[in-house]
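Student: First the structure, then my questions, so here it is.
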Amino acid sequence: MVTVLALPSDSELVGRADELDQLRSSLRRADAGSPVTVLLSGEAGVGKTRLVTEFGAQAAKAGARVVFGQCVELGDSGLPYGPIVGVMRELVEQFGHERFMELAGPGREVIARLLPELGTAAGAGGGDLAEGRGRLLEMVAVVLERVSVDQPLVLVLEDIHWADRSTNDLLRFVVRALRAARVLIVCTFRGDEVGRFHKLRPVLAELERLRNVQRIELSRLTRPEVADLLSRLLGRQPEPSVVVRIHERSEGNPFIIEELVSAGADTSYDVLPDSLRDVLLVRGEQLAEPAQEVLRLLAIGGNRVEHALLAAVADLEATALDRALREALSVGVIRVDGTGYAFRHALLREVLHEDILPGAHTRYHARYAEAIEGSPELVPSGVASIAVAHHWYNAREHERAFRATLRAADDAARAYAHADAQKMLEKAVELWDRVSDPVGVSGGDRAALLERAADAARDAGEMERSLALIEAARADPSVAGDPARLATLMYLQAKVAGDVGRGEAVDAALDALENIESGRDSMPRAQLLTIRAVRHMLDGQHEKSVAASIEGAALAQAIGDRELEFRNYHVRGSSLVHLGRVEESLAAFEKSRRLADGDPRTLVGYHINYSDALNVIGRYAESARVARAGIDLAREVGVERSLGTMLAGNTAEPLLALGEWDEADRLVTRALELDPPARHYWQMLILRAWLCLWRNELSLASQVLKEARARTTGRRAEPQYSVPLARVAAEVALAYGDPETAWREVRASLDEPREMLAPLDLPLLATGAAALAAIARRGGDVDGTDIARVLSQADSHRDWATAPVWVPVAVAELANGVGDDPRRWQDVLDAVAAAGGPAHLTPYAAYRRAEALLAAGDRASAVDALNAAAEAAASLGAELVCGWIDELSRRAKLSLAGESASGTTDHGLTAREREVLRLVAAGRSNREIGAALYISTKTASVHVSNIMAKLGVSSRGEAAAVAHRRGLGA
């Protein structure tokens with residue numbers, strides 16, 4: 001006799017009031033324009049789907065648009081972009097084809113890679129595949145933003161523990177990229193299954209650091225909640241003893257409770273199953289054999305199978321199949337889901353799947369493979385190839401699995417699912433020795449397949465794996481006697497090693513390639529020269545870079561490769577400007593712009609290099625304008641939040657020099673949130689550390705500096721990163737009153753075996769001069785040769801564009817050995833005013849001039865200088881200088897025009913710390929403070945710690961009390 005249940009999905013939700021409140025609160029935040037992502041975890045059967053279903057219904061009733069996406073398990077991987085494809089299809093259905101294409105805008109052709117039925121993917125074939133992947137990620141974010149304009153969007157992604165790598169990458173990007181959008185993303189996953197080496201674990205760790213992400217852990221039901229659930233399932237109040245034993249047996253898991261009641265555990269101890277597996281098999285075992293056969297077939301097909309596909313694989317005529325399905329439906333094992341069937345819970349499917357005998361397992365997989373291969377329309381578009389590959393592989397039909405796996409790899413690459421393409425290609429390599437004619441089927445030898453896998457890994461961002469695959473291809477016997485093949489592999493190795501900052505590997509690859517291609521006019525030779533030019537440019541060897549780029553451009557023109565020619569010219573422009581040959585540089589950039597021929601994707605690269613060139617020669621406003629124009633182009637082609645992050649730093653750096661610190665901070669923060677490529681991440685961290693320093697957020701500056709050094713450890717950080725990093729480290733040490741460490745940082749950078757580079761070394765030498773002067777002022781021993789070295793090297797760059805600012809700084813710092821000549825500091829102020837920056841030097845030089853005037857006994861002029869410094873520092877937000885001014889005025893007993901340079905009334909709190917304290921006093925958590933101030937939770941925590949230290953309190957409550965009592969943070 002079968003117990004009939006009122007399934008929880010059809011009744012009022014039991015418990016979960018707190019979790020529902022949290023989800024409603026998140027939706028309110030999202031509706032106000034602050035996108036939120038909720039990570040909802042819990043063990044299998046604890047009620048995640050039931051909760052999000054209830055919440056989705058409530059959200060829809062309140063006016064939100066609710067869309068669900070489901071991750072599908074296929075062996076050791078999921079379908080490429082599986083849940084996102086489902087979401088996009090649902091949006092197409094809701095909006096209609098024409099309106100959806102309007103929402104997709106310039107990204108419609110890349111979105112069509114996910115949805116081939118849209119029929120517009122033909123134009124997406126051009127361009128770099130890795131760039132195409134970036135456009136796809138960005139366009140998904142754009143669509144979600146546009147969909148949420150008229151009503152808030154709730155996007156539920158279920159079972160992301162089964163998500164493929166491409167889906168995980170997209171999720172990471174979208175969560176970071178959404179901005180001012182009315183979007184709430186809810187992701188469910190089995191927390192108990194995400195172990196140390198699970199592919200989702202690093203994704204979760206990364207997401208949980210973001211200020212717009214929160215975690216909800218769904219716990220088991222309490223005993224009173226179990227009693228409530230039992231009363232709903234049974235339609236009557238259960239006996240207390242029944243509640244006790246079912247609570248003990250189920251441990252509060254709602255799904256297991258339901259299965260125990262179904263098994264009759266509410267009436268007798270005798271029918272209480274011994275294991276979870278037995279609990280879940282009870283329902284199936286009640287069925288006749290045809291119905292059990294159908295359930296086994298469904299279990300092989302996945303959590304959901306279309307009726308048409310089931311009919312094609314089932315060995316039953318239509319009437320018998322319907323009868324079997326009705327029987328399975330009647331006991332609640334499966335449910336009707338649109339035009340197909342889904343297991344009521346994934347646990348049911350998993351247990352049934354594990355119970356299938358090996359022989360039947362391979363037969364069922366073969367049936368599915370044959371059915372889908374013969375009629376791909378039985379599954380959604382874009383799914384057929386990977387499904388066929390999966391089923392043939394598990395059917396142990398290696399010949400057919402090999403062919404299907406190669407087709408699946410091609411399809412995944414066309415959809416920009418490069419990680420999945422890599423996985424398919426590596427599976428094909430695994431099958432290579434098990435098939436009769438792998439060369440004939442794949443169209444190449446094993447090394448060629450490894451090279452394809454390496455390419456896919458690189459496009460997926462798996463650089464170390466790509467290098468390993470390249471090494472495997474190089475070691476293949478078929479490559480040893482083929483110079484052209486080896487050249488291609490060495491070129492690929494050089495590119496990949498360069499991407500991860502492994503300079504030695506790049507040099508080794510380029511040297512090998514030079515030996516192979518020397519003297520040949522070929523595509524590999526042109527590629528070699530181009531990458532050689534880039535390598536020399538990054539290493540600061542600009543004469544060599546120019547020479548390589550001249551030869552590379554000539555060869556590229558000869559073989560008709562306009563893109564390579566373009567790259568050589570804009571690399572040449574960058575190297576020429578660092579050599580001080582400005583007019584030649586500008587001519588090279590103009591030539592590269594013409595070679596781009598108006599193509600916006602190519603012009604993005606031009607804007608990256610050209611804006612940087614303008615910045616290093618001190619044309620800050622023009623540099624910022626060119627970089628911003630590049631961001632506009634990146635937006636036009638759909639890569640603003642991927643490739644465009646490279647331009648964010650190029651915009652922020654001149655803005656810092658111009659004094660537009662808030663805007664620069666916004667750009668840097670946003671770029672870091674989007675997780676840019678390694679080198680650009682280094683650049684952003686350096687800029688962030690510098691800005692935190694001059695805002696007097698010393699703990700945060702040290703923290704960011706530590707992260708920057710950790711990220712560059714073991715990588716070749718080229719001079720454009722290593723020199724500014726050394727300079728910021730020295731300036732932080734100076735701010736902490738440790739000039740000896742500051743000088744060691746500067747000296748170590750100057751001692752490196754590299755070419756001296758004026759735009760990088762002039763600011764570094766000025767910092768070194770400040771360190772030496774500070775040592776001397778406090779009576780330390782300063783080696784005269786160090787002073788001579790700094791002044792000599794600064795003077796050697798006197799012809800450089802920004803030397804009129806930086807050389808006077810170095811000279812002023814070391815005037816009389818301690819920097820106490822007011823006239824020299826006035827020279828600095830005049831030079832900065834004439835050059836239009838860097839802005840921080842104005843309050844700094846005014847402060848140092850005041851110090852020098854005091855040392856000369858001119859107190860009246862010192863007060864004027866300090867007032868000027870205070871005004872400039874306050875206007876800029878240079879709290880570090882404000883603090884120095886306050887300290888000097890108190891020590892010298894000078895009365896300034898304002899109450900305090902920093903504007904603080906007590907305890908030396910910075911403006912940002914006062915904002916944070918105001919929120920602490922209002923009872924806000926670190927996460928809420930981060931959301932309110934658009935900073936990370938970690939940054940908010942650092943601010944709170946600094947505030948408590950300055951106030952001399954040990955708790956947030958004490959800090960709030962001090963704030964209320966003394967009016968701090970108001």
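Student: Hey, can you tell me all the residues within segment 404-461 that are surrounded by fewer than 24 Cβ atoms within 10 Å (Cβ to Cβ), among the acidic types (Asp, Glu) and under 20 Å from Asp499 (Cα atoms)?
Tutor: If the condition is that a residue be surrounded by fewer than 24 Cβ atoms within 10 Å (Cβ to Cβ), among the acidic types (Asp, Glu) and under 20 Å from Asp499 (Cα atoms), then Asp455, Asp459 are the ones that fit.
Student: Now for a separate question. Against the definition (under 27 Å from Gly107 (Cα atoms), of a type in the set (Val, Ile, Thr) and in contact with a Leu (Cβ under 8 Å, 6 or more places away or on another chain)), how does Ile372 come out, yes or no?
Tutor: The answer is no for Ile372.
Student: Could you grab me the full set of residues in segment 343-383 that are of a type in the set (Val, Ile, Thr), assigned to a helix (DSSP H, G or I) and closer than 30 Å to Gly42 by Cβ? Working first, answer last.
Tutor: Residues of segment 343-383 that are of a type in the set (Val, Ile, Thr), as a first pass: 351, 356, 362, 372, 379, 383.
Then keep just the ones that are assigned to a helix (DSSP H, G or I); that gives 351, 362, 372.
Passing the criteria: only Val351.
Student: What's the total number of residues in segment 159-202 that are within 15 Å of the chain's Cα centre (by Cα) and free of Cβ contacts under 8 Å to residues at least 40 places away in the same chain?
Tutor: 5
Student: Right, another one. Mind checking whether some residue in segment 555-567 is touching a residue at least 12 places away in the same chain (Cβ under 8 Å) and closer than 26 Å to Ala141 by Cβ? First the steps, then the outcome.
Tutor: In the first step, residues of segment 555-567 are kept if they are touching a residue at least 12 places away in the same chain (Cβ under 8 Å); the result is 555-556, 558-559, 561-567.
Narrowing the set further to residues that are closer than 26 Å to Ala141 by Cβ leaves none.
No, every residue in segment 555-567 fails to be touching a residue at least 12 places away in the same chain (Cβ under 8 Å) and closer than 26 Å to Ala141 by Cβ.
Student: Which residue, of Ser592, Ser585, Ser575, is hydroxyl-bearing (Ser, Thr, Tyr) and under 30 Å from Arg709 (Cα atoms)?
Tutor: Ser575
Student: Here's something else I'd like to know. With the requirement that a residue be more than 13 Å from Leu757 (Cα to Cα) and under 31 Å from the mean Cα position of the chain (by Cα), what does segment 573-588 give you?
Tutor: Gly573
Student: If you don't mind, there's one more thing I want to ask. Restricting the first residue to segment 864-887 and requiring it to be in a helix (DSSP H, G or I), which pairs with a second residue that is of a type in the set (Asp, Glu) meet a Cβ separation below 8 Å and a spacing of at least six or different chains?
Tutor: Ala873/Glu879; Glu879/Glu697
Student: Something else about it: With the requirement that a residue be of a type in the set (Gly, Ala, Ser) and under 21 Å from Val639 (Cβ atoms), what does segment 674-707 give you?
Tutor: Initially, segment 674-707 is screened for residues of a type in the set (Gly, Ala, Ser), giving 678, 689, 699, 701-702.
Residue satisfying the conditions is Ala678 alone.
Student: Can you name every one of the helices (runs of 4 or more DSSP H) wholly within segment 422-482 that holds 1 or more residues which are within 30 Å of the chain's Cα centre (by Cα) and of a type in the set (Gly, Ala, Ser)?
Tutor: Qualifying helices (runs of 4 or more DSSP H): 446-459, 463-474.
Student: Here is a further query. Looking at (1) touching a Leu at 6+ places or on another chain (Cβ under 8 Å); (2) buried (at least 21 other Cβ atoms within 10 Å of the Cβ); (3) assigned to a helix (DSSP H, G or I); (4) modelled with pLDDT under 90, which is the one condition that is false for Val46?
Tutor: (3)
Student: A follow-up question, please. So, in segment 644-700, how many residues would count as being of a type in the set (A, V, I, L, M, F, W, C), touching a Phe, Trp or Tyr at 6+ places or on another chain (Cβ under 6 Å), buried (at least 21 other Cβ atoms within 10 Å of the Cβ) and over 30 Å from Glu462 (Cα atoms)?
Tutor: Residues meeting the conditions: 1.
Student: It is to be established whether one or more residues within segment 830-846 are at pLDDT 95 or above, in a loop (DSSP other than H, G, I, E, B) and of a type in the set (Asp, Glu).
Tutor: No.
Student: Looking only at helices (runs of 4 or more DSSP H) that fall completely inside segment 639-696, which ones have 2 or more residues that are β-branched (Val, Ile, Thr) and farther than 25 Å from Glu464 by Cβ?
Tutor: 661-673
Student: Okay, next question. When both residues are 6+ apart or on different chains and their Cβ atoms are under 8 Å apart, which pairs have a first residue that lies in segment 217-240 and is in contact (Cβ under 8 Å) with a residue 12 or more places away in the chain, and a second that is among the basic types (Lys, Arg) and assigned to a loop (DSSP other than H, G, I, E, B)?
Tutor: Within 8 Å, the pairs are Leu218/Arg16.
Student: Among the residues of segment 706-727, what is the count of those that are more than 28 Å from His542 (Cβ to Cβ) and of a type outside the set (Gly, Ala, Ser)?
Tutor: Residues meeting the conditions: 2.
Student: Residues being under 12 Å from Ala652 (Cβ atoms) and more than 15 Å from the chain's Cα centre (by Cα): count how many of those fall in segment 677-692.
Tutor: Total satisfying the criteria: 6.
Condition check ((1) farther than 24 Å from Leu814 by Cβ; (2) in contact with a strand residue (DSSP E or B) (Cβ under 6 Å, 6 or more places away or on another chain); (3) part of a helix (DSSP H, G or I)) across all residues:
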position: Gln703; (1), (2), (3): yes, no, yes
position: Arg715; (1), (2), (3): yes, no, no
position: Gln720; (1), (2), (3): yes, no, yes
position: Arg727; (1), (2), (3): no, no, yes
position: Glu740; (1), (2), (3): no, no, yes
position: Ser749; (1), (2), (3): no, no, yes
position: Met756; (1), (2), (3): no, no, no
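Student: Looking only at segment 786-820, which residues are among the aromatic types (Phe, Trp, Tyr) and touching a Leu at 6+ places or on another chain (Cβ under 6 Å)?
Tutor: Trp806
Student: All but one of (1) assigned to a helix (DSSP H, G or I); (2) touching a Ser or Thr at 6+ places or on another chain (Cβ under 7 Å) hold for Glu102; state the number of the condition that does not hold.
Tutor: It fails just one condition, (2).
Student: For segment 523-563, which residues satisfy the criterion of being more than 15 Å from Asp507 (Cα to Cα) and crowded, with 21+ Cβ neighbours inside 10 Å?
Tutor: Passing the criteria: Arg525, Ala526, His542, Val546, Ser549, Gly552, Ala553, Leu555, Ala556.
The values are calculated or read from the model by the stated rules, or taken from the named source; none is laboratory data. Note that the structure is predicted; figures quoted are calculated from it, not measured. Cβ atoms come from the backbone with ideal geometry, glycine included; neighbour counts cover every protein chain shown.
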